[in-house]
């Protein structure tokens with residue numbers, strides 16, 4: 001009996017060491033708040049009059065992801081990045097261990113398919129966590145994670161962007177339920193944002209430059 005009790009204590013202790021923080025990855029939460037993600041001529045951040053809570057940022061000339069003429073809902077990926085604590089350094093934010101999600105269409109364009117994101121680097125039930133939302137074009141199918149997409153984005157191969165950083169309290173775990181990433185309080189939680197889509201010519205030139213650089217490196 002003593003051996004069984006000791007084994008149970010050991011397993012419980014091991015589980016607590018590997019306990020991971022969770023958040024509800026959804027930017028359209030009924031009766032709470034709704035924000036949107038756009039694509040357009042330049043990066044932009046802030047809630048608009050169409051959001052809940054409403055803001056003053058204007059997205060004229062921008063397109064909600066998932067609408068006709070904009071970035072396709074099924075091939076535009078989204079993944080949360082996070083770190084423990086409030087106002088953490090952006091360089092410390094790491095992708096969640098959960099798979100990326102995609103976007104919805106119709107009246108829910110600009111909103112992601114809801115899921116729960118788990119973070120290996122944020123303890124379960126942490127008092128605070130810092131987060132950003134990364135969004136990128138995966139129409140090629142080559143970049144299913146932000147770790148892969150961020151490299152392609154830095155090389156000018158794909159369109160991508162990140163939200164402004166935000167802090168969430170009472171991270172999910174054994175005691176707390178996964179908190180929402182949006183908030184009914186103005187200025188809190190994930191705010192609406194847009195990722196800049198360069199002109200086709202400049203984007204093509206960037207891609208050619210990246211390809212030439214790769215070829216040059218291989219020849220050295």
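Data for the structure
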{"read-out": "Rounded, prolate or oblate (a/c below 1.5 giving rounded, otherwise prolate when a/b exceeds b/c) for region 20-219 by Cα gyration tensor", "value": "oblate"}
{"read-out": "Computed over region 89-190: relative contact order in percent, which uses C-alpha pairs under 8 Å that are six or more apart", "value": "26 percent"}
{"read-out": "Sites residue 19 and residue 60, calculated FRET efficiency, Cβ-Cβ separation with R0 45 Å, nearest 0.05", "value": "0.50"}
{"read-out": "Ranking of 68, 151 by count of other Cβ atoms within 10 Å, fewest first", "value": "68, 151"}
{"read-out": "Protection-proxy order for peptides 50-60, 159-169, each taking the mean of Cβ atoms within 10 Å per residue, highest first", "value": "159-169, 50-60"}
{"read-out": "Relative exposure of 48, 96, judged by other C-beta atoms within 10 Å (fewest first)", "value": "48, 96"}
{"read-out": "Average Cα contact separation per residue, region 12-146, under 8 Å, 6 or more apart, as relative contact order %", "value": "30 percent"}
{"read-out": "Whole-Å distance, taken between Cα centres, linking region 102-125 and region 20-83", "value": "11 Å"}
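Values quoted throughout were computed directly from the atomic coordinates according to the rules given, and no laboratory measurement underlies them. This is a predicted model, so every value here is computed, not measured. Glycine gets a Cβ as well: all are built from the backbone with ideal geometry, and neighbour counts include every protein chain shown.
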